[in-house]
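See structure below.
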Amino acid sequence: MKQVWNEKRELLSREEIEKIRLRRLRKQLKYCYGRSEFYKQKFDDIGFQPEDIKTWADFRKIPPLMDKEEERQSQKESLERFNHPFGMHLCCPPEKIIITKTTGGTTGMPTFTYSFTQHDFDRWNEGTARVFWLAGIRPADRVLFCFPLSGGWAGGIVKTPLQYMGILCLDLGAETPVEKIVEYANITRPNVLMSTPSFAEGFIEAYPRSTGKPVSAIGIKKLLLSGEPGVAIPSIRKRMEEAFGGKWNDYLMINSEGFSGSCLAEEYNGLHEVALDLSIWVEDLIDLDTHQPIEVKNGAIGEGLLTSLDREGLPLIKYRLGDVIQVFTHPCECGYPGPGYRIKHLGRLSDRLFVEGASVFPIAVRDVITSFIPRVTGAMRIVLTEPPPNITPPLKIKVEYGVGIQPNQLPELAREIEEQMLKVYRVRSKVEFVLHEALGRVTKKTPMFEECYPS
Ligand SMILES: [Zn+2]
């Protein structure tokens, strides 16, 4: 059995892949400049020509060119002027777009980043297939696919790489009544579940109600749950894996092309970058405040800029993701042989808190808390008594204490956690304990914050 999905592309040395990337990058920049007045204007404004990019360092000097708000503006303009929603950064005739999915659009106009020409659709399937293979999905698997609104929204496009890999996808959509899904799963016997963590949680409860058996009776051994936090919270992950009797893997497809997925290592080691030939994002980090390029070395933290390679319809160039990532350049224990780095997604830039001049991400707080397992369960909330990002110390953290911990042990445990927060992040904090399972459910809302201030 092959080790990676695409041995020809994924097993190149860093040196070899860098050559391919630079070639593709120059071609992509030239293409965008020639095909879209949006990009031509952008490049002209900062005074660079695609031919100027001769080396990696030349490229890194280019400032960010676009963000989500600007993408929306670009879409509004193309809708007004050219009667299509894909944006002024579209580089092909609009009729070449054969598939489009939007990303919810909870605030403002939905974005049409997931719009593909046939070429881009093949590219999407290829990149995602590598992620799924890394997560242990193989031909002959049967995947129960239950994402919400899987028809028109971005969640739905995650299923097409399965067919591309030759894998049966049993697509029901999370809107189907859960009893029907249970019935269907009993007949079709999937061994993989792809859904959000909250769907999986509901399924664990619904299955015994309908069948009298535990959910493990179906035989689902692989869980690919995504779209909400959860996998990195050990208590939630453990409960999910025990209930199904399978392993949970994580993946992330940032803005339709930051292809990355978790491996089969025992410990959760973050996400492997698997498609260096298709996009640049991990290696193009900027400082969170100054927006200047920062050196990408082990442990570096920055905001990722996304640049498409080999994209025909809607290439993104130096696109500010708004996601803060930490990069790990040392090899993973799983032995993944590709040249890509690993990343940890620290959250949205907008999630950052400032406590007396120290900046901290909710995920960093969670990491401190989870280092105290089993004395705590790992579930936690940051209690906000005032609107973020500026917090008057101490930072209030609600923490579930672990099974078997006696109430008289809690003050000492709180003191240890608070000391650790101060030591690692220079943040004064105040821990409040709640019973185990009091915070433990996965919900559709991000479980990081509890807002306790008048809105
Ligand atoms: Zn690994």
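At-a-glance table
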{"quantity": "Sites Trp56 and Leu349, calculated FRET efficiency, Cβ-Cβ separation with R0 22 Å, nearest 0.05", "calculated": "0.35"}
{"quantity": "Å² per residue, accessible surface of the chain at 1.4 Å", "calculated": "44"}
{"quantity": "Extension gain from Ile99 to Arg428, taking 0.36 nm per residue of separation minus the Cα-Cα distance", "calculated": "113.5 nm"}
{"quantity": "Anchor Lys430: lysines whose Cα lies under 16 Å away (excluding residues fewer than 8 positions away in-chain)", "calculated": "Lys396, Lys398"}
{"quantity": "Gain on full stretching of the segment that runs from Ser371 to Glu266 - 0.36 nm per residue minus C-alpha separation", "calculated": "36.1 nm"}
{"quantity": "Arg209 versus Glu450: modelled label distance in nm, points set 7 Å from Cα along the beta carbon direction", "calculated": "2.6"}
{"quantity": "Test item: Cα-centred dipole of the stretch 353-451, Lys/Arg +1 and Asp/Glu -1 on Cβ, debye", "calculated": "180"}
{"quantity": "Theoretical FRET efficiency, 1/(1+(r/R0)^6), r = Cβ-Cβ of Ile20 and Glu242, R0 30 Å, to 0.05", "calculated": "0.10"}
{"quantity": "The stretch 57-118: mean projected area of Cα convex hull, nm²", "calculated": "5.3"}
{"quantity": "Distance from the stretch 145-224 to the stretch 347-411 (C-alpha centre basis), Å", "calculated": "33"}
{"quantity": "Kirkwood Rh, Cα atoms: Rg over Rh of the chain", "calculated": "0.97"}
{"quantity": "Burial order of peptide ranges 119-128, 88-97, 203-212 (average beta-carbon count within 10 Å, highest first)", "calculated": "119-128, 88-97, 203-212"}
{"quantity": "Value at 222 nm in deg cm²/dmol, rounded to 500, when DSSP H runs of n ≥ 4 in the chain each add -39,500 (n - 2.57)", "calculated": "-9500 deg cm²/dmol"}
{"quantity": "Shape category assigned to the stretch 136-249 from the gyration tensor of Cα positions, a/c cut at 1.5", "calculated": "rounded"}
{"quantity": "At most 16 other Cβ within 10 Å, DSSP loop - GluC sites (Glu not before Pro), the stretch 300-398", "calculated": "Glu333, Glu356"}
{"quantity": "Solvent-accessible ranking of Arg14, Arg26, largest area first, probe 1.4 Å", "calculated": "Arg26, Arg14"}
{"quantity": "Glu69-Glu7 pseudo-label distance in nm [points 7 Å out on the Cα-to-Cβ vector]", "calculated": "5.0"}
{"quantity": "Descending semi-axes in whole angstrom, ellipsoid equivalent of the stretch 214-373, from the Cα gyration tensor", "calculated": "28, 21, 14"}
{"quantity": "Potential lengthening between Thr290 and Ile187 on full extension [0.36 nm per residue; Cα-Cα distance subtracted]", "calculated": "31.5 nm"}
{"quantity": "Among beta bridges that DSSP assigns inside the chain, antiparallel share in %, nearest 5", "calculated": "55"}
{"quantity": "Partners for Lys213 among aspartates and glutamates (Cα-Cα distance below 17 Å; same-chain residues under 8 apart left out)", "calculated": "Glu179, Glu183, Glu201, Glu205, Glu241, Glu242"}
{"quantity": "Surface share of carbon and sulfur [accessible, 1.4 angstrom probe, percent] for the chain", "calculated": "53"}
{"quantity": "For the chain, size of Cβ-based charge dipole, Lys and Arg +1, Asp and Glu -1, in debye", "calculated": "660"}
{"quantity": "Three principal axis lengths of the stretch 337-455 [C-alpha, angstrom, descending]", "calculated": "47, 44, 32"}
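The values are calculated or read from the model by the stated rules, or taken from the named source; none is laboratory data. The structure displayed is predicted, hence computed values, not measured ones. Cβ atoms come from the backbone with ideal geometry, glycine included; neighbour counts cover every protein chain shown. Quick note on the areas: whole protein, heavy atoms, side chains included, nothing else; ligands and nucleic acids left out. Shrake-Rupley method; radii C 1.70, N 1.55, O 1.52, S 1.80 Å.
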